[in-house]
Amino acid sequence: MALYNPGGDAKPIVKFDAKEGKLKIDDGVIDLKKFKAIFDLEGLELGYCRFNEGAAPDWRMAPATNEQAVKALQRPEGSEARPYKWGFRLNLKLTKELANGAPDIREFASNSYVTLNGIDQLHDDWMAEKNNHPGKLPVVTGKSMTTIPGKFGRLYQPVFMIAGWIDAPKDLIAARNGNGDKP
């Protein structure tokens, strides 16, 4: 049996820097209020992740839809400098304008507590509405940021909102199923 190998590098990323309150796409910083993408919340994963400098992240995740598998996850051993932390990972599809000629299917992941809280609130909104929109995915925009004081300084929590619903793009579903962005 030949195993599927999409080839190429990992998907490009979208990153929210909670320390700086900045949304980063490629080498640019985007105003959160100008951010718009289709989020694959159906494919959301939760679990432990470790972001290593100069190396690929290490994921120990389960589908958020499988509560039993998520609860069964155990924190792997990590170094003090780079511990495994609880986080999320999902795929999204940027607007053509935000992709700016680069691939529009991206991975959005974080183990920042405040970024996870922003996704948690968005997920609650999605759960409350998804049955009213079968076969569709939410179009998500950035609404605002909440400042969170803490013992390590000020952090910024993104606030996202569902601006609409769209038929699930085939390339985004393919990315969820491990087929790169090829339907």
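The values are calculated or read from the model by the stated rules, or taken from the named source; none is laboratory data. This one's a predicted model, so the numbers in the text were calculated from it and none came from an experiment. Cβ coordinates were reconstructed from backbone atoms using ideal geometry, including for glycine residues, and neighbour counts include every protein chain displayed. Only protein heavy atoms, including side chains, enter the accessible area calculation; ligands, DNA and RNA are left aside. Shrake-Rupley method; radii C 1.70, N 1.55, O 1.52, S 1.80 Å.
In order along the range 105-118, phi translates into HN-Hα couplings of 7, 10, 10, 10, 8, 6, 10, 7, 4, 6, 5, 4, 4, x Hz, rounded to whole numbers, per the Karplus curve 6.51 cos²θ - 1.76 cosθ + 1.60 with θ = phi - 60° and x for Gly and Pro.
Cβ-Cβ distance of Asn66 and Lys136, R₀ of 22 Å, FRET efficiency by 1/(1 + (r/R0)^6): the value works out to about 0.50.
Cross-link partners for Lys151 among the lysines, with Cα-Cα distance under 27 Å and sequence neighbours closer than 8 places in the same chain left out: Lys15, Lys19, Lys22, Lys24, Lys85, Lys143.
At the residue level, Phe51 shows approximately 70 square angstrom of accessible surface with a 1.4 angstrom probe and all protein chains present. 3J(HN,Hα) along the range 122-132: 4, 4, 4, 4, 5, 4, 5, 10, 4, 5, 7 Hz, from the Karplus curve 6.51 cos²θ - 1.76 cosθ + 1.60 with θ = phi - 60°, whole Hz, x for Gly and Pro. Taking amide H as placed 1.01 Å from N in the peptide plane, Ile166 has its amide H under 5 Å from the amide H of Leu137, Val139, each at least 5 places away in sequence or on another chain.
In this label model, Asp31 and Ala128 are separated by 2.7 nm, measuring between points 7 Å along each Cα→Cβ vector. Within straight-line reach of Lys170, meaning a Cα separation under 22 Å, sit the following lysines at least 8 residues removed in sequence or on another chain: Lys11, Lys36, Lys93, Lys96, Lys130, Lys136, Lys182. Surface exposure of the range 48-183, expressed per residue as accessible area with a 1.4 Å probe, stands at 59 Å². Taken one residue at a time, the phi angles of the range 74-85 give Karplus couplings (6.51, -1.76, 1.60, θ = phi - 60°) of 10, 5, x, 5, x, 7, 4, 5, 9, x, 6, 10 Hz. Gly and Pro are set to x.
Remark: relative contact order (the range 12-142) = 31 percent; criterion is Cα-Cα distance under 8 angstrom and separation of 6 or more residues.
How much of the accessible area of the range 66-183, probe 1.4 Å, is carbon plus sulfur, in whole percent?
That share works out to 50 percent.
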